[in-house]
Amino acid sequence: MSNNEISKLIEALRAARDVADNENGAEMLCFLIEQALEEAVSEAKRRGEPVPLSVDSGIQ
């Protein structure tokens, strides 16, 4: 996966998390999206890519 693809994946996962946060009964979906987002951010950091954290990010 290229650096550009990882950046796009992170953006898409953040958008998906925002949508899922607004749905009732989507706790498991939010959890799974958050796990995927954490892995994508970790991979970007391993590659030395800067990853700006969103203001409402659950990643710490």
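Tabulated values for the structure
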quantity	calculated
Among 13-23, 30-40, the order from most to least packed when residues are scored by Cβ within 10 Å on average	30-40, 13-23
Pairwise FRET efficiency - Val19 versus Arg46, Cβ, R0 = 30 Å, nearest 0.05	0.65
Separation of the Glu27 and Ala12 label points, Cα + 7 Å toward Cβ, nm	2.8 nm
Net charge of neighbours whose Cβ lies under 12 Å from the Cβ of Leu32, counting Lys and Arg as +1 and Asp and Glu as -1	-3
Whole-number D in µm² s⁻¹ for the chain, Kirkwood Cα-pair radius fed into Stokes-Einstein, 4 °C, 1.567 mPa s	110 µm²/s
Per residue, in Å², the accessible surface of the chain once ligands and nucleic acids are set aside, probe 1.4 Å	70 Å²
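The values are calculated or read from the model by the stated rules, or taken from the named source; none is laboratory data. Note that the coordinates shown come from a computational prediction; the quantities given were computed from them, not determined experimentally. No Cβ is skipped: glycine too gets one built from the backbone with ideal geometry, and neighbour counts run over all protein chains shown. Keep in mind that these areas ignore ligands, DNA and RNA; they rest on the heavy atoms of the full protein, side chains included. Shrake-Rupley method; radii C 1.70, N 1.55, O 1.52, S 1.80 Å.
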